[in-house]
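Heads up, the thing below is written out as structure tokens.
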Amino acid sequence: MTSSHAKKVKAKRHRLKRAHWRVRKTVEGTAERPRLSVYKSLHYVYAQVIDDASGKTLAQASSREADVTAGLSTSASSVDAAKAVGKAVADRALEQGIASVVFDRGGYIYQGFDLAMVDVAAREKGLKF
């Protein structure tokens with residue numbers, strides 16, 4: 001990595017972290033309404049349902065799991081994979097008796113992966129936001 005490239009990457013990560021801090025100031029998961037947190041890397045998409053009061057993860061899914069992305073013809077970081085992760089985390093949350101969640105976009109812009117995963121998949125499965 002060149003010096004200027006490393007600086008750009010560091011600045012981008014810092015901007016994302018600051019945006020996530022701004023979101024987390026207002027979004028908090030409770031036992032009645034846990035937080036649905038989304039993280040996306042270059043290769044995978046992750047989602048967790050978290051109760052912040054007790055500090056426990058109640059349900060999780062990722063595109064690294066073979067059963068979640070089984071049958072996908074695209075990569076594990078695609079919008080189709082995000083939809084599969086959204087459906088899986090919604091199913092697992094509903095099994096735990098969780099019907100309503102608060103969405104934590106993790107500092108990302110609310111479009112693309114997050115929008116597909118939340119609006120199309122999790123809401124379709126019955127999670128309320």
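If you take the residues in region 52-69 that are outside any loop (DSSP other than H, G, I, E, B), free of Cβ contacts under 8 Å to residues at least 24 places away in the same chain and in contact with a strand residue (DSSP E or B) (Cβ under 6 Å, 6 or more places away or on another chain), which one is surrounded by the fewest Cβ atoms within 10 Å (Cβ to Cβ)?
Taking the candidates together, the pick is Thr57.
Restricting the search to region 88-129, which residues are at pLDDT 85 or above and either assigned to a loop (DSSP other than H, G, I, E, B) or among the hydroxyl-bearing types (Ser, Thr, Tyr) (or both)?
Of everything in region 88-129, those that are at pLDDT 85 or above and either assigned to a loop (DSSP other than H, G, I, E, B) or among the hydroxyl-bearing types (Ser, Thr, Tyr) (or both) turn out to be Gln96, Gly97, Ile98, Ala99, Ser100, Val101, Gly126, Leu127, Phe129.
Out of region 42-51, which residues are surrounded by 17 or more Cβ atoms within 10 Å (Cβ to Cβ) and not in a strand (DSSP E or B)?
Selection gives Tyr44 alone.
Which residues, counting only those in region 78-100, are more than 12 Å from the chain's Cα centre (by Cα) and surrounded by fewer than 21 Cβ atoms within 10 Å (Cβ to Cβ)?
Listed by number, the residues that qualify are Ser78, Val79, Asp80, Asp91, Arg92, Leu94, Glu95, Gln96, Gly97, Ala99, Ser100.
Going through Tyr44, Tyr39 one at a time, which residue ends up being closer than 15 Å to Gly112 by Cα and at pLDDT 90 or above? Step through it out loud before you land on a result.
Details: Tyr39 fails: at pLDDT 90 or above.
Every option except Tyr44 fails the conditions.
What residue, among those in region 1-41 that are of a type in the set (A, V, I, L, M) and not in a helix (DSSP H, G or I), is surrounded by the fewest Cβ atoms within 10 Å (Cβ to Cβ)?
Met1
Please go through (1) assigned to a loop (DSSP other than H, G, I, E, B); (2) under 17 Å from Lys125 (Cβ atoms); (3) among the hydrophobic types (A, V, I, L, M, F, W, C) for Ala76 and return the number of the only condition it doesn't satisfy.
Against the list (1) assigned to a loop (DSSP other than H, G, I, E, B); (2) under 17 Å from Lys125 (Cβ atoms); (3) among the hydrophobic types (A, V, I, L, M, F, W, C), Ala76 comes up short only on (2).
In this structure, is Val85 at pLDDT below 90 and among the aliphatic types (A, V, I, L, M)?
No.
The values are calculated or read from the model by the stated rules, or taken from the named source; none is laboratory data. As the structure is a computational prediction, the values presented were derived from the model and not from experiment. With ideal geometry, Cβ positions are generated from the backbone for all residues, glycine too; neighbour counts draw on all protein chains shown.
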